[in-house]
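Engineer: Questions regarding the structure given below will be posed in turn.
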Amino acid sequence: MSTNNNIKTYGFGVVAQGFYNYLETNKEEERLHTVIIKNPTKIRKGINATIETTNSNTARDRDMRVIVELISSADEAYGIVVENLEIGKKVVSANKKLIAENLETIVKAEKENDGIFLYEGAVCGSIPIIRVLNDLYANEQVKEIKGIFNGSSNYILSQLFSKEVSYDEALFQAQKLGFAEADPSSDVGGYDALYKLIIVTAHAFGKIIRPQEVLNIGIEALAKSDIEFAKKYNLKIKLVAKASLKEDQLTLTVLPTLVANNNDLYNIENEYNGVVIDSENIGEQFYKGKGAGSLPTGAVVYSDLKAIDNNYSYSYKKLEAENYKLTDEEKIAVIVSVKESIDVEILNVENLYSIDKRRKRFLATITIEELKRNKHNIQKQGISILAIEDEFLIEELINASLKEEVLTI
Ligand SMILES: NC(=O)c1ccc[n+]([C@@H]2O[C@H](COP(=O)([O-])OP(=O)(O)OC[C@H]3O[C@@H](n4cnc5c(N)ncnc54)[C@H](OP(=O)(O)O)[C@@H]3O)[C@@H](O)[C@H]2O)c1
C-alpha cells in the first residue's frame with residue numbers, strides 16, 4: 001500500500017480526538033496510518049489506525065506524509081517535531097510551550113530542509129489568528145496586539161464576577177469541565193498566555209523573544225476585595241497578554257488587567273478567547289472564539305492538514321525584515337494592593353494615590369522592569385497587581401481619589 005498520503009498522530013487525547021472527528025466527517029479517516037500513545041492499557045475509541053506506544057529512539061517518520069504532534073509534554077514533543085522537519089517532513093502541532101521556547105530552531109529546521117510546520121491550534125483554539133497575521137498582516141504595520149489568550153483563567157475570572165464563588169471553587173469547576181489542567185499553574189500563572197504572546201509577536205512584529213524575557217503575572221494573587229473593587233466601578237478583571245510597538249521598541253506583558261465596558265475584551269467570558277489587533281492602515285480588528293476544547297481545536301488542526309495538502313506554509317515575512325528591540329522601560333498604570341504589614345514603597349512605584357482608605361490599595365505608575373525585578377517578592381508577599389487598560393479610567397480613579405470619593409470596601 002502506498003504511504004504517500006499517510007498521517008501519523010503523536011497523542012490521542014482531547015485535541016487529537018477532535019482532529020480525528022474531522023477526518024471521519026470528511027471521509028479521510030483512512031489517511032490516519034499510525035497513532036502513538038503513552039499508556040497502552042487505556043481504553044480507546046475504535047479507530048482503524050495502528051496504535052503503538054512511544055519509541056523514543058526513532059522520531060523520524062520517513063514513510064509518513066504528515067506528522068501531527070498532539071502530545072502533552074513540550075520536552076518530549078521537541079524531538080518529534082525537529083527531527084521530522086530535519087528530514088523535510090510536513091508537521092502540525094498545537095504545542096504552544098514547545099513552539100514559544102524553540103521557534104528559532106524550528107523555523108530553521110523547516111526552512112533549511114523544505115519542510116512545513118503549521119501550528120494554528122497553539123494559539124487561541126479556534127480563532128485562526130496565526131493565519132491572519134501571517135497572511136493579511138504580512139504587509140501591514142501592526143502597532144499592538146492584545147488579547148485574552150487563556151480560556152482556563154478567563155473561565156475562573158468569569159465565575160468570580162458572575163457568581164458568589166471562591167477562587168478555589170471556580171478553579172475546581174474549570175478543572176471538572178476540562179478547561180483547566182490537573183496542574184493549573186501554567187494557566188493561572190500566566191505562562192500559557194505568555195507562550196501564545198511569544199508566538200503572535202513573532203508573526204505580528206517579526207521578533208522572536210524568549211519567554212523568560214517577558215513579565216507575566218497570573219491571576220493567583222487576586223483577592224475577593226479586588227473583584228469587589230472592580231465591580232464597584234463596573235469594571236472587570238481579565239488576564240490580558242499584550243505586545244505593543246513604539247518606534248522600534250517592543251513592550252510585552254501578561255497581566256491581570258482592569259477593563260471598562262467599552263473595551264472589546266470586557267465581554268469575552270468563560271472559555272472564550274479574544275484578540276484585538278491595531279495596525280497602521282486597517283485600524284482595529286477584533287476576533288472572538290472558543291479558545292480550547294476538543295472540536296474547536298481539532299477544527300484548526302484539521303485545517304492545518306488541509307493547508308499542507310495545498311502546500312501552504314507560513315512566510316514569516318517580517319522575521320527577515322524587522323529588527324525591533326524589546327524594552328522594559330515603559331511605565332504602566334497599575335492598582336497595587338498590599339497587606340497591612342507591607343510597605344508599598346518596596347516596589348519603587350511612582351505617582352502614588354491611595355484609593356481605598358481601609359485597605360492598602362493604591363493607584364500608581366511603575367516600570368515593567370521594576371515589576372519584573374520584584375516578581376518574586378510580589379508572589380511571595382501576595383501583592384496583587386492590576387494593570388489599567390483604559391486611559392480614561394486612570395483619570396477617573398485619580399479624580400475620585402482627589403475628591404476623597406475613595407472606596408471603602
Ligand atoms: N486541550 C485543549 O483544548 C488544547 C487547546 C489548544 C492546544 N492544546 C495543546 O495540544 C496538545 C495536546 O493537548 P491535549 O489536551 O489533547 O492533551 P491530552 O488530552 O492530555 O492528550 C495527550 C496525549 O498525548 C499522549 N502522550 C503523552 N506523552 C506522549 C509521548 N511521549 N508519546 C506519545 N504520546 C504521548 C497521551 O497518551 P495516553 O492517551 O496514552 O495518555 C495522550 O493521548 C498540547 O500541546 C496542548 O497544549 C490543547
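Engineer: Scan Ala221, Ala243, Ala202 and give me the residue that is open to solvent by 10 Å² or more (accessible area, probe 1.4 Å) and hydrophobic (A, V, I, L, M, F, W, C). Explain how you work it out, then say what you get.
Structural biologist: On the way: Ala243 fails: open to solvent by 10 Å² or more (accessible area, probe 1.4 Å); Ala202 fails: open to solvent by 10 Å² or more (accessible area, probe 1.4 Å).
That would be Ala221, the only listed residue that is open to solvent by 10 Å² or more (accessible area, probe 1.4 Å) and hydrophobic (A, V, I, L, M, F, W, C).
Engineer: Could you please tell me which pairs satisfy a Cβ distance under 8 Å, a separation of 6+ or placement on different chains, a first residue in the stretch 40-53 that is of a type outside the set (Phe, Trp, Tyr), and a second residue that is open to solvent by 100 Å² or more (accessible area, probe 1.4 Å) and modelled with pLDDT of 85 or more?
Structural biologist: Hits for this filter: Asn48/Glu30; Thr53/Lys38.
Engineer: Could you check the stretch 310-325 and list, in sequence order, the residues that are charged (D, E, K, R) and either within 16 Å of the ligand (Cβ to nearest atom) or at pLDDT below 90 (or both)?
Structural biologist: Going through the stretch 310-325, the residues charged (D, E, K, R) turn out to be 317-318, 320, 322, 325.
Of everything in the stretch 310-325, those that are charged (D, E, K, R) and either within 16 Å of the ligand (Cβ to nearest atom) or at pLDDT below 90 (or both) turn out to be Glu320, Glu322.
Engineer: Also, I was wondering about something else. If you scan the stretch 270-308, which residues turn out to be at negative phi, part of a loop (DSSP other than H, G, I, E, B) and open to solvent by less than 50 Å² (accessible area, probe 1.4 Å)?
Structural biologist: Across the stretch 270-308, the qualifying residues are Glu271, Gly291, Ala292.
Engineer: Filter the stretch 326-377 for residues that are closer than 24 Å to Ala230 by Cβ, modelled with pLDDT of 90 or more and in a loop (DSSP other than H, G, I, E, B) and give the result.
Structural biologist: Listed by number, the residues that qualify are Glu330, Asn374.
Engineer: So, Asp75, is that one open to solvent by 40 Å² or more (accessible area, probe 1.4 Å), touching a residue at least 60 places away in the same chain (Cβ under 8 Å), outside any strand (DSSP E or B) and not aliphatic (A, V, I, L, M) or not?
Structural biologist: no
Engineer: What is the residue count in the stretch 1-59 for residues that are at pLDDT 95 or above, open to solvent by 60 Å² or more (accessible area, probe 1.4 Å) and hydroxyl-bearing (Ser, Thr, Tyr)?
Structural biologist: So the answer is 2.
Engineer: Conditions first: (1) part of a strand (DSSP E or B); (2) surrounded by fewer than 21 Cβ atoms within 10 Å (Cβ to Cβ). Ala387 passes all but one, so which condition is the exception?
Structural biologist: That leaves (2) as the condition not met.
Engineer: Of all residues being aromatic (Phe, Trp, Tyr) and touching a helix residue (DSSP H, G or I) at 6+ places or on another chain (Cβ under 6 Å) in the stretch 285-309, which is nearest to the ligand (Cβ to nearest atom)? Just the residue, please.
Structural biologist: The initial filter retains those residues of the stretch 285-309 that are aromatic (Phe, Trp, Tyr), namely 286-287, 302.
Okay, now just the ones that are also touching a helix residue (DSSP H, G or I) at 6+ places or on another chain (Cβ under 6 Å), so 286, 302.
On the way: Phe286: 21, Tyr302: 13 Å.
Out of the qualifying residues, it is Tyr302.
Engineer: Hey, Lys317 hits all of (1) of a type outside the set (Gly, Ala, Ser); (2) touching a strand residue (DSSP E or B) at 6+ places or on another chain (Cβ under 9 Å); (3) within 30 Å of Asp135 (Cα to Cα); (4) surrounded by fewer than 18 Cβ atoms within 10 Å (Cβ to Cβ) but one; which does it fall short on?
Structural biologist: The single condition Lys317 does not satisfy is (2).
Engineer: All but one of (1) assigned to a loop (DSSP other than H, G, I, E, B); (2) open to solvent by less than 10 Å² (accessible area, probe 1.4 Å); (3) within 21 Å of Glu164 (Cα to Cα) hold for Ile209; state the number of the condition that does not hold.
Structural biologist: (3)
Engineer: Tell me which residues, restricted to the stretch 85-125, are open to solvent by 10 Å² or more (accessible area, probe 1.4 Å), near the ligand (Cβ under 8 Å from one of its atoms) and free of Cβ contacts under 8 Å to residues at least 40 places away in the same chain.
Structural biologist: Of everything in the stretch 85-125, just one residue is open to solvent by 10 Å² or more (accessible area, probe 1.4 Å), near the ligand (Cβ under 8 Å from one of its atoms) and free of Cβ contacts under 8 Å to residues at least 40 places away in the same chain, namely Asn95.
Engineer: Are any residues in the stretch 143-190 of a type in the set (Phe, Trp, Tyr), in contact (Cβ under 8 Å) with a residue 40 or more places away in the chain and surrounded by fewer than 19 Cβ atoms within 10 Å (Cβ to Cβ), and if so, which ones? First the steps, then the outcome.
Structural biologist: Pass one, the stretch 143-190, residues of a type in the set (Phe, Trp, Tyr): 149, 155, 161, 167, 172, 179.
Retained after the next criterion (residues that are in contact (Cβ under 8 Å) with a residue 40 or more places away in the chain): 149, 155, 161, 167, 179.
Once the filter is applied, which keeps residues that are of a type in the set (Phe, Trp, Tyr), in contact (Cβ under 8 Å) with a residue 40 or more places away in the chain and surrounded by fewer than 19 Cβ atoms within 10 Å (Cβ to Cβ), the stretch 143-190 yields only Phe161.
Engineer: For the structure I just gave you, tell me whether Ile106 is aliphatic (A, V, I, L, M), over 22 Å from Ser186 (Cα atoms) and part of a helix (DSSP H, G or I).
Structural biologist: Values: aliphatic (A, V, I, L, M): yes; over 22 Å from Ser186 (Cα atoms): yes; part of a helix (DSSP H, G or I): yes.
So Ile106 passes the test.
Engineer: Right, something else. Return only the number of the condition from (1) open to solvent by less than 30 Å² (accessible area, probe 1.4 Å); (2) over 28 Å from Gly189 (Cβ atoms); (3) touching a helix residue (DSSP H, G or I) at 6+ places or on another chain (Cβ under 6 Å); (4) modelled with pLDDT of 90 or more that Val82 does not satisfy.
Structural biologist: (2)
The values are calculated or read from the model by the stated rules, or taken from the named source; none is laboratory data. Quick caveat: nothing in here was measured; it's all calculated off a predicted structure. We place every Cβ from the backbone using ideal geometry, glycine too, and count neighbours over all the protein chains shown. All accessible areas refer to the heavy atoms of the entire protein, side chains included, with ligands and DNA or RNA removed. Shrake-Rupley method; radii C 1.70, N 1.55, O 1.52, S 1.80 Å.
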